[in-house]
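What follows draws every value from the coordinates through simple rules; no lab data is involved. This structure is a prediction, so every number in the text was calculated from the model and none was measured. Quick reminder, even Gly has a Cβ in these numbers, built from the backbone with ideal geometry, and neighbours come from all protein chains shown.
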Amino acid sequence: MGVSIREKRGKLHLDIYVNGKRTWEATGLSITADPEQNKEVWRLAEVLRSKRELQIISGEWGLVDHVGSKQSLYNYSQKVAEETGNKRLLKALKHLERYKGGNTIKLSAVTGVWFDGFQQYLLKESGLSQTTASHYSSQIRQVLHRAVRDNILAKNPASIIKGIPILESEKVHLTIDEIQKLANAPLGGKLGAEVKIAFLFACFTGLRISDIRLLTWGEIERNPLQIKKRQKKTKRFVIVPMNQTAWDLINDNQLHDKDELVFPLVGTTKTNTNQYLNMWAERVGLQKQIGWHTARRTFATLTLEQGAEILTVSKLLGHTKVSTTAVYAKPTDKLKRNAVNALPEITIAKKAGGEK
C-alpha cells in the first residue's frame with residue numbers, strides 16, 4: 001500500500017496503490033513557472049498525500065478517519081447524494097442548509113441533541129408536512145449511518161434519537177359506482193380520451209402508469225385473454241388475466257404490430273396527465289383526489305372485495321411480498337361487513353315472561 005505524488009502535464013496527482021490496484025486522484029494543484037511558488041505547491045501536495053494515506057490506513061484497520069470526520073455534514077451528504085443519485089437527499093439538503101449551522105457543522109460535531117434539534121426544525125419551522133419531514137430526517141440519518149460504514153464516525157449519533165413518525169394517510173380507491181360515473185363522462189381531446197381509457201384499463205388490470213406507458217400489443221395475448229409483460233419497476237414478469245371489460249376498453253378491431261404501443265399518446269406525451277384525471281374527477285363530482293396509482297389501488301381493493309385471496313392479488317400486482325399488497329388493500333367497510341356477516345349464527349333462547 002502506498003500513496004505517491006506524480007506530475008503529469010504540469011498537474012500533480014496522487015498515485016494510490018492498494019490491494020494490488022492502482023488509481024490516480026487529482027489534487028487540483030499545478031506546477032507554475034515560479035520556482036518559489038512551486039515549493040509551496042509541492043508542500044501542499046505532500047499534505048494531501050499524507051492525509052489520503054491516513055484515510056486509507058484508517059479504513060484498512062477499521063479505525064475512525066479523523067481527517068474525514070472534519071468535513072462538514074453538508075458536504076459529505078452532497079457527495080453521497082451525487083454518488084447514489086438520491087434526489088430525496090438533495091431535497092433534504094436544502095433544509096439542512098436552512099437549519100442554523102446545518103451547512104457548516106462537522107461530522108465529528110454532530111450529536112444526538114443536534115440531530116433532535118434538526119428534526120424539531122423540520123417538524124415545526126420548515127413548513128413541511130410530517131410525512132415529508134420524516135422522509136428528510138431519515139435521509140440525514142442514513143448519511144450518518146453511511147459515515148459509520150466508511151469509518152468516518154465511530155457510531156451514528158442519530159441512533160439514540162427516535163425518528164419522526166409517519167402519519168397514516170388515507171389510501172384512496174374507487175368504488176364500482178364511481179368508476180361507472182367516470183366511464184360515463186367524456187374527457188376532451190385525443191390525449192384526454194386516451195387518458196380516460198388507460199385509467200379505466202388500469203382499474204381492471206392493476207398496471208402501474210410506468211407499465212401502461214410501455215404496454216405493447218405484443219404483450220396482449222388473445223387466447224386466453226391476458227397481459228404478459230416485464231414490469232418496469234421490478235423487472236419481474238407478471239401475467240394478468242383480462243376480463244371482458246378490460247379487453248373491450250382497448251379492442252379497436254384493428255391489426256397492430258407487436259411493438260406498437262397500446263396507448264401511444266399516453267406513452268409519449270410530455271404533458272402531466274394527472275391534470276386530466278383531476279379535471280375528470282371534478283366533472284363527475286368525486287370528492288376524492290385521484291392519480292394513476294388510485295387505479296392500481298382500486299384494482300387491488302375490488303378484487304379482494306370480490307373474494308380473491310390476498311396472495312392471488314399480490315401475484316397479479318407483481319409484488320414480491322404479500323405485506324406490500326396489504327398496504328394497498330386495507331380492509332374496506334364492505335370487506336369488514338362481509339367478514340362479520342360470514343360469522344356463523346346461533347339460536348338464542350328467549351327468556352320466559354316471568355323469568356328473572
How much length is gained if the chain between residue 312 and residue 79 is pulled fully straight, taking 0.36 nm per residue apart and subtracting their Cα-Cα distance, in nm to one decimal?
79.6 nm
Report the dimensions of segment 2-63 along its three principal axes from the alpha-carbon atoms, largest first, rounded to Å.
42, 20, 14
Provide the FRET efficiency to the nearest 0.05 for the residue 340-residue 88 pair, computing r from the beta carbons and using R0 = 56 Å.
0.85
With just the Cα atoms defining each centre, how far is segment 172-196 from segment 1-41? Give it in Å.
65 Å
For segment 176-340, what does the equivalent ellipsoid look like in terms of its semi-axes, each the square root of 5 times an eigenvalue of the Cα gyration tensor, given largest first in whole Å?
24, 21, 14
Per the charge dipole of the chain (beta-carbon charges, Lys/Arg positive, Asp/Glu negative, Cα centre), the residue among 151, 174, 301 reaching farthest to the positive end is 151
Mind checking which of 300, 26, 198 has the largest fluctuation in a GNM of the chain, springs on alpha carbons under 10 Å?
26
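Evaluated at 37 °C with a viscosity of 0.692 mPa s, what Stokes-Einstein diffusion coefficient in µm²/s does segment 1-152 have when Rh comes from the Kirkwood expression over alpha-carbon pairs? If you can, show how the numbers build up before the last one.
Details: Rh = 17.6 Å.
It comes out at roughly 186 µm²/s.
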Given 70/124; 91/124; 232/321, which pairs have Cα atoms separated by over 20 Å?
70/124
Rounded to two decimals, what is the ratio between the C-alpha radius of gyration of segment 69-160 and 2.2 N^0.38 Å?
0.97
Average Cα contact separation per residue, segment 176-340, under 8 Å, 6 or more apart, as relative contact order %:
27 percent
Among [x] -0.68, -0.95, -1.14; [y] -0.39, -0.77, -1.33; [z] -0.42, -0.78, -1.21, which one is log10 I(q)/I(0) by the Debye sum over Cα atoms at q = 0.08, 0.11, 0.14 Å⁻¹ computed from these coordinates?
[x]
Residue 282-residue 230 FRET efficiency (beta carbon distance; Förster radius 35 Å; 0.05 resolution):
0.50
List the relative contact order of segment 69-160 as a percent without decimals, with contacts defined as Cα pairs under 8 Å and 6+ residues apart.
32 percent
If contacts are Cα pairs under 8 angstrom and at least 6 residues apart, what is the relative contact order of the chain in percent?
11 percent
P(r) weight above 14 Å for segment 114-169, C-alpha pairs, percent:
53 percent
Compute the length gained on full extension between residue 145 and residue 18: take 0.36 nm times their separation in residues and subtract their Cα-Cα distance, giving the result in nm to one decimal.
43.2 nm
